Amino acid sequence: MATELRCPDSMPCHNQQVNSASAPSPEPRRPGDLIPDYVVGNNTPKAKPALLSSPAQSSVLGEGSPQACSSASLNPEHKCGSGNCDALAGDSLLRDSQLSSQIGAQLKLLPMNEQIRELQTIIRDKTASRGDFMFSADRLIRLVVEEGLNQLPYKECTVTTPTGYKYEGVKFEKGNCGVSIMRSGEAMEQGLRDCCRSIRIGKILIQSDEETQRAKVYYAKFPPDIYRRKVLLMYPILSTGNTVIEAVKVLIEHGVQPSVIILLSLFSTPHGAKSIIQEFPDITILTTEVHPVAPTHFGQKYFGTD
């Protein structure tokens, strides 16, 4: 989320300008000085609460406007009029709120930033090389996995440092596992293993029936005690949601409750996320983007079969 840089009245704001209509001062002024406003018919200057700043901004912001100071964004290309920056900075929060109200509070989005946006762009770009695609996909997968681990339960613990200091920290509670939906879900396995070296990972193979076009389970292999574990279900692209719905049904048949399933995904359509949550209201979906068009070429390009 973009962060606004606000300027206190006592500090110079580099997005304000000098009033070019004001009479020139015989002495050079410095940023932070009050600009005198001469009264017509009287040469007595009257202090005006405006701060001196770069004259290059005179065509963008109004003179001495308080809004001009508060509109100095950390993004140099982020141009907005007086009073509009708060609305623009809150756009991402508004979108998240709308998605939660339309789809459900169980849908969680990674906080957007420029790095995530660039990774999404490279993955969607049809001209991107496979090397760039895989590199960007692996980075985005790692970010999703890390955030998914934040959804798992921790417990407090105390450790002793090499200097003998007692440090109060936290550690994962035991009883977690991953399940990948083959084949594209296997692309996320290494990212999970990079964060949890000894985690157990199950697999589900689901394909669409050529005649009925309905998802059909062909293979499922899980840890024997999966019913006692919290499950990180991995599937990078949610298009219709049918594949994930069938996978969750298989997990339920093995004793797993939807409330302990966290679905890790990179991209989702509104229809796909909504279908899953309507079918299983207690499941948690974690993704980076909800967009009507999902990059369904992900699996083929990642494994080089496109």
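Could you tell me which of the residues Ser198, Ser239 is closer than 23 Å to Phe298 by Cβ, open to solvent by 40 Å² or more (accessible area, probe 1.4 Å) and either of a type outside the set (Lys, Arg) or out of contact with any Phe, Trp or Tyr (no Cβ under 9 Å at 6 or more places or on another chain) (or both)? So that I can check it myself, show each step before the final result.
Values: Ser198 fails: closer than 23 Å to Phe298 by Cβ.
Result: Ser239 is the single residue among Ser198, Ser239 that is closer than 23 Å to Phe298 by Cβ, open to solvent by 40 Å² or more (accessible area, probe 1.4 Å) and either of a type outside the set (Lys, Arg) or out of contact with any Phe, Trp or Tyr (no Cβ under 9 Å at 6 or more places or on another chain) (or both).
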Here is a list of conditions, (1) in a helix (DSSP H, G or I); (2) surrounded by fewer than 21 Cβ atoms within 10 Å (Cβ to Cβ), and Ala247 meets all of them except one; can you say which number that is? (2)
Kindly list, by first and then second residue, each pair from a residue in region 167-191 that is at positive phi to a residue that is modelled with pLDDT of 90 or more, limited to pairs with Cβ atoms under 7 Å and residues at least 6 apart or on different chains. Gly175/Arg228; Gly175/Arg229; Gly175/Lys230
All but one of (1) in contact with a His (Cβ under 9 Å, 6 or more places away or on another chain); (2) farther than 23 Å from His291 by Cβ hold for Thr240; which doesn't? (2)
Starting from region 206-233, keep only residues that are in contact (Cβ under 8 Å) with a residue 40 or more places away in the chain and more than 21 Å from Ile276 (Cα to Cα), then list their pairs with residues that are open to solvent by 30 Å² or more (accessible area, probe 1.4 Å) and part of a strand (DSSP E or B) whose Cβ atoms are within a distance under 6 Å, requiring at least 6 positions of separation or different chains. Pro223/Arg200
Quick one: in region 201-234, of everything that is of a type in the set (A, V, I, L, M, F, W, C) and more than 26 Å from Pro295 (Cβ to Cβ), which residue is least open to solvent (accessible area, probe 1.4 Å)? Ile226
Subset of region 267-286, residues open to solvent by less than 10 Å² (accessible area, probe 1.4 Å), more than 11 Å from Ser239 (Cα to Cα) and not β-branched (Val, Ile, Thr), comes to Leu286
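Quick check on this structure: which one of Gly304, Gly255, Gly272 is among the small types (Gly, Ala, Ser) and within 17 Å of Ser208 (Cβ to Cβ)?
Values: Gly304 fails: within 17 Å of Ser208 (Cβ to Cβ); Gly255 fails: within 17 Å of Ser208 (Cβ to Cβ).
Every option except Gly272 fails the conditions.
Taking region 209-229 as the search range and keeping residues that are part of a loop (DSSP other than H, G, I, E, B) and at pLDDT below 90, which one is nearest to Val244 (Cα to Cα)? Spell out the reasoning first.
Going through region 209-229, the residues part of a loop (DSSP other than H, G, I, E, B) turn out to be 209-214, 222-225, 229.
Next cut, at pLDDT below 90 only: 209-214.
Values: Asp209: 15, Glu210: 18, Glu211: 20, Thr212: 17, Gln213: 15, Arg214: 12 Å.
If we take residues in region 209-229 being part of a loop (DSSP other than H, G, I, E, B) and at pLDDT below 90, then Arg214 is nearest to Val244 (Cα to Cα).
The values are calculated or read from the model by the stated rules, or taken from the named source; none is laboratory data. All values reported here derive from a predicted model rather than from experimental measurement. FYI the Cβ positions are ideal-geometry reconstructions off the backbone, even for glycines, and counts take in every protein chain you see. Heads up: the accessible areas ignore ligands, DNA and RNA and are worked out on the full protein's heavy atoms, side chains in. Shrake-Rupley method; radii C 1.70, N 1.55, O 1.52, S 1.80 Å.
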